[in-house]
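Read the structure below first, then the notes.
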Amino acid sequence: MGGYGDVQLLREDGLRLDGRKVDELRPVSIQAGILPAADGSAMVTHGLNVAVAAVYGPMEAHPRKIQRQDRAVIDVRYNMAPFSTSDRIRPGFNRRSREISKVTAESLESVVLVERYPRAKIRVEIEILAAEAGTRCAGITAASVALADAGIPMRDMIVGVASGKIEDTVVLDLDKAEDNYGQADLPVGILPNTGEIAFLQMDGDLSPEEYDLAMEYNFKAAAEIHEVMVDALKARYEESEN
Amino acid sequence: MSQGLSGAEQRLVTPGMTIGSLTGMRVGSGAIVHNDEIIATKLGWVRENNGTISVDPINSPYIPRSGDLVIGNVAEVRNNLWFMDINGSFQGLLPMSLAPWKVEYGQARQHMDVGDSSLARVQEVDECHNVVLTMKGVGLRRLSQGAVIDVPVNHLDRIRGEANANLDRMKDTSDCRIIVGENGRVWVDGNENGIDWVREALDIAKQHGHKSSFDSAMKKHEKKFNKKGDA
């Protein structure tokens, strides 16, 4: 038995505790354009995670020292609401939210055509309203949809998805128990149309074979989530067409 | 890979979708080339025109171009210049030498103060997106009456209509003066009923501007005003 302690994460019938197969995603739903004040916005519900992203700009970058003469900067603020987990989270920035804001900003910079807006700033706010493992992935997916909704030019959208290892078995899309007691976690930001990887982090150990399988699951899931993203953007403008 | 459109019918595409092959096609706005394929960079409708494939975005920030007629709000006043919010990424700069008045150094605030609106033209945009405005020109002035209404920049063509047909109809129906700024701001001046009617018409443009139902919604709205007038 792998993981920490004696927590059983796989049932005897090979399914996971919530009844999912090893390569099955939690339910994902996305809504675009939910915040009227923002230039673009989206809400992603991924399992029990709820992430809201708002995009403002492009606007003049302030303070001026952060301006880049040849491109825009993307300012991401990822934050978990104090009520998003069962233990209250102290409001404000912490080490984890800084790290996630940084990796999210860097991955978004790789897809947004930042050279179109020199000296500008694109502000992306990601608020996690409910958390159940995989919030950085839900956040980056929400940010991608919000950027597209805001009309920011991008060469592709990013889909955030994670695989991991529990009880020596590679599984897709870890839930809270699997994340806490599993052996590895591999969150990835995938560009679904080009198949490129915008960010990749790994917590724990995976053998090369396990890594390949985890990435295979991730790519398969990214295609599924991408369809939901596209449907959400289209639904905003096509549903009331007559 | 998800496919966009390469036909006569318009279809909605999202960033990253392949909308055509590079062979025999030119790349227009809202698209880039990647591995000999034309990729959409914005959420919008694919348009093919004379061998050029482009994406008409649904939502787009205002990008100032030299010569644009804009409606700006004064955001900041210095001794010899005004900074105007022109609904773009950057504020526009109106130096006192390009104002329609003879302004003494330090007296800029007496002519136009923070919060005032004015009709200006984009004089120059440099490669760093610095925008210089001018108010020297026919009709360029401080807007001291009427209402300024925000509309999406990408719906301006729809609001104006072919050869300004929609705009002229709106002016005739409401009996208002209407000036459409390229920066997504519309100035309306007339009687209260007229302004209210134009405001509602522009709301329809915001809601239906990207749909085929726009024209019918506008016609319905025109009848509504006529009825009000008859009553």
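Summary of values
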item	result
Residue in the range B:56-67 that is farther than 30 Å from B:GLU124 by Cα, modelled with pLDDT under 90 and surrounded by 14 or more Cβ atoms within 10 Å (Cβ to Cβ) present	no
Residue list for the range A:190-218, filter: closer than 24 Å to B:ILE38 by Cβ and either more than 8 Å from chain B (Cβ to nearest Cβ) or among the hydrophobic types (A, V, I, L, M, F, W, C) (or both)	A:ILE190, A:LEU191, A:GLY195, A:GLU196, A:ILE197, A:ALA198
Qualifying residue in the range B:106-119 (condition: modelled with pLDDT of 95 or more, among the aliphatic types (A, V, I, L, M) and under 18 Å from the mean Cα position of the chain (by Cα))	yes
Out of A:ARG26, A:ARG68, A:ARG77, sole residue that is modelled with pLDDT under 95 and either touching a Gly at 6+ places or on another chain (Cβ under 9 Å) or not polar (S, T, N, Q) (or both)	A:ARG68
Any strands (runs of 3 or more DSSP E) falling wholly within the range A:1-76 and containing at least 3 residues that are touching a Phe, Trp or Tyr at 6+ places or on another chain (Cβ under 9 Å)	A:49-60
Hey, A:TYR4 surrounded by fewer than 20 Cβ atoms within 10 Å (Cβ to Cβ), modelled with pLDDT of 95 or more and either within 21 Å of the chain's Cα centre (by Cα) or aromatic (Phe, Trp, Tyr) (or both) or not	no
Residue list for the range B:3-26, restricted to those being at pLDDT 85 or above and either buried (at least 24 other Cβ atoms within 10 Å of the Cβ) or within 13 Å of another protein chain (Cβ to nearest Cβ) (or both)	B:LEU12, B:VAL13, B:THR14, B:PRO15, B:GLY16, B:MET17, B:THR18, B:ILE19
Criterion (in contact (Cβ under 8 Å) with a residue 60 or more places away in the chain, surrounded by 24 or more Cβ atoms within 10 Å (Cβ to Cβ) and not polar (S, T, N, Q)) met by exactly one of A:GLY164, A:GLY182	A:GLY182
Odd one out for A:ASP70, checked against (1) touching a helix residue (DSSP H, G or I) at 6+ places or on another chain (Cβ under 9 Å); (2) under 15 Å from A:GLU127 (Cβ atoms); (3) without any contact (Cβ under 8 Å) to a residue 60 or more places away in the chain	(2)
Set A:ASP173, A:ASP149: member being under 23 Å from A:GLU99 (Cα atoms), in contact (Cβ under 8 Å) with a residue 60 or more places away in the chain and either buried (at least 24 other Cβ atoms within 10 Å of the Cβ) or within 12 Å of chain B (Cβ to nearest Cβ) (or both)	A:ASP173
B:ALA165 being exposed (fewer than 14 other Cβ atoms within 10 Å of the Cβ) and among the hydrophobic types (A, V, I, L, M, F, W, C)	yes
Complete set of residues in the range A:123-146 that are more than 14 Å from every other protein chain (Cβ to nearest Cβ), within 25 Å of B:GLY30 (Cα to Cα) and assigned to a strand (DSSP E or B)	A:VAL124, A:GLU125
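The values are calculated or read from the model by the stated rules, or taken from the named source; none is laboratory data. Model, not experiment: these values are computed from the prediction. Note that each Cβ is placed from the backbone with ideal geometry, even for glycine, and that neighbours are counted across all protein chains shown.
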